[in-house]
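Here's the structure, in structure tokens; my notes come after.
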Amino acid sequence: MKKNNLLLVLLLYIFFVIGCSDDSNPVDPPADKNPDTEEPSSVWDSFVKPELSFVNADSLGNGKYYTLYFDDPVNQIDTLILLVNKILYKDPSEVIDIAKIELRIEEYEGGVAYTTGLGAANKKRIVFSSDYLSKIMQGKTKREVQDEINGVLIHEMTHVFQQACEYKNDGWSCIEGIADALRYLSGADKITRRHSGGSYTDGYTTTGFFIVWLMENKDSEFLYKLNQYAGKNYDFKWSSAAYSLLDDSIENLWTEYQDAL
């Protein structure tokens with residue numbers, strides 16, 4: 001009986017303490033923390049973004065669906081710009097100077113998106129196909145469509161800011177591989193799209209996932225170094241890049257990668 005009375009008293013005490021507590025008050029910070037002290041600022045706080053604009057040239061056609069997924073396209077590309085450059089570079093001072101970026105929704109068949117100039121070397125336009133938009137909408141959730149659009153734009157935004165080498169031969173596969181590596185590293189692609197076979201010169205996802213594997217298994221800074229190397233070696237060759245950056249042959253690295261899949 002005494003045990004029952006003791007248990008009852010304990011339960012009443014707990015109820016009283018909980019009921020009288022004031023949840024509206026913030027939890028006190030640890031003794032070694034000053035609540036008035038701001039977190040250290042990021043080096044990227046000094047990054048000056050380009051002038052941004054959005055043009056929907058197919059607003060009466062399939063382009064009208066774009067704002068169903070992104071009600072503020074300018075804010076969307078503003079976010080992607082910082083995301084891309086924080087993967088490509090270590091410091092804002094390294095970023096290529098771009099004065100303006102225009103995202104344009106346009107009707108054209110047989111493509112997804114492309115990046116082009118906008119009247120000057122440091123002004124760029126990313127064109128997204130409204131026909132492709134209408135295709136990816138079919139049978140997908142809103143989040144799935146948003147992820148696909150963001151993935152495409154991250155790829156194109158990489159082309160805006162990455163270091164340039166000659167867009168042919170090995171240089172082409174390096175440029176497109178880096179862009180798809182960025183798509184995966186930013187969280188806008190899935191590892192399930194990786195597959196065995198092909199060649200490191202195939203570009204896009206084949207080269208992109210190879211670059212990611214080299215980062216994970218050989219050098220965590222490989223993509224950063226590869227981007228810098230491409231900018232300094234216009235006539236880009238994978239054979240030279242592999243020895244320079246990883247002290248190994250590209251053939252050995254590709255075979256090791258294939259064996260790991």
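Quick one: would you say Gly198 is modelled with pLDDT under 95 and open to solvent by 50 Å² or more (accessible area, probe 1.4 Å)?
So Gly198 fails the test.
Ile126: surrounded by 21 or more Cβ atoms within 10 Å (Cβ to Cβ), in contact with a strand residue (DSSP E or B) (Cβ under 6 Å, 6 or more places away or on another chain), under 27 Å from Ser42 (Cβ atoms) and among the β-branched types (Val, Ile, Thr), yes or no?
yes
Quickly run through the range 42-78 and pick out the residues that are in a loop (DSSP other than H, G, I, E, B) and within 24 Å of Ser134 (Cα to Cα).
Residues satisfying the conditions are Ala57, Asp58, Ser59, Leu60, Gly61, Phe70, Asp71, Asp72.
On the given criteria, is Tyr243 in contact with a helix residue (DSSP H, G or I) (Cβ under 9 Å, 6 or more places away or on another chain), open to solvent by 40 Å² or more (accessible area, probe 1.4 Å) and within 19 Å of Asn169 (Cα to Cα)?
yes
Inside the range 160-177, can you point out the residues that are in a helix (DSSP H, G or I) and either surrounded by fewer than 21 Cβ atoms within 10 Å (Cβ to Cβ) or touching a residue at least 60 places away in the same chain (Cβ under 8 Å) (or both)?
Val160, Phe161, Asp170, Gly171, Trp172, Ser173, Cys174
Report, by residue number, each residue of the range 178-201 that is of a type in the set (A, V, I, L, M) and either more than 19 Å from Ser220 (Cβ to Cβ) or without any contact (Cβ under 8 Å) to a residue 40 or more places away in the chain (or both).
Scanning the range 178-201 gives Ala179, Ala188, Ile191.
What number goes with the only condition from (1) within 24 Å of Asp58 (Cβ to Cβ); (2) outside any loop (DSSP other than H, G, I, E, B) that Tyr184 does not pass?
For Tyr184, the failing item is (1).
Could you give me the residue pairs with C-beta distances under 9 Å whose first residue belongs to the range 225-242 and is closer than 13 Å to Thr201 by Cα, whose second residue is open to solvent by 60 Å² or more (accessible area, probe 1.4 Å) and part of a loop (DSSP other than H, G, I, E, B) wherever it lies, and which are 6+ apart or on separate chains?
Pairs that qualify, where the first residue is closer than 13 Å to Thr201 by Cα and the partner is open to solvent by 60 Å² or more (accessible area, probe 1.4 Å) and part of a loop (DSSP other than H, G, I, E, B), are Phe236/Asn169; Lys237/Asn169.
Exactly one of these conditions fails for Leu82: (1) of a type in the set (A, V, I, L, M); (2) touching a Leu at 6+ places or on another chain (Cβ under 8 Å); (3) in a helix (DSSP H, G or I); (4) open to solvent by 40 Å² or more (accessible area, probe 1.4 Å). Give me its number.
Result: Leu82 fails condition (2) only.
For residues in the range 204-235 being surrounded by 20 or more Cβ atoms within 10 Å (Cβ to Cβ) and in contact with a Ser or Thr (Cβ under 8 Å, 6 or more places away or on another chain), which is nearest to Leu261 (Cα to Cα)?
Per the criteria, the residue is Thr206.
The values are calculated or read from the model by the stated rules, or taken from the named source; none is laboratory data. What you see is a predicted model; the values in this text were computed from it and never measured. A quick note on method: Cβ atoms are made from the backbone with ideal geometry, for glycine too, and the neighbour counts reach across all protein chains shown. Heavy atoms of the whole protein, side chains included, go into the accessibility calculation; ligands, DNA and RNA do not. Shrake-Rupley method; radii C 1.70, N 1.55, O 1.52, S 1.80 Å.
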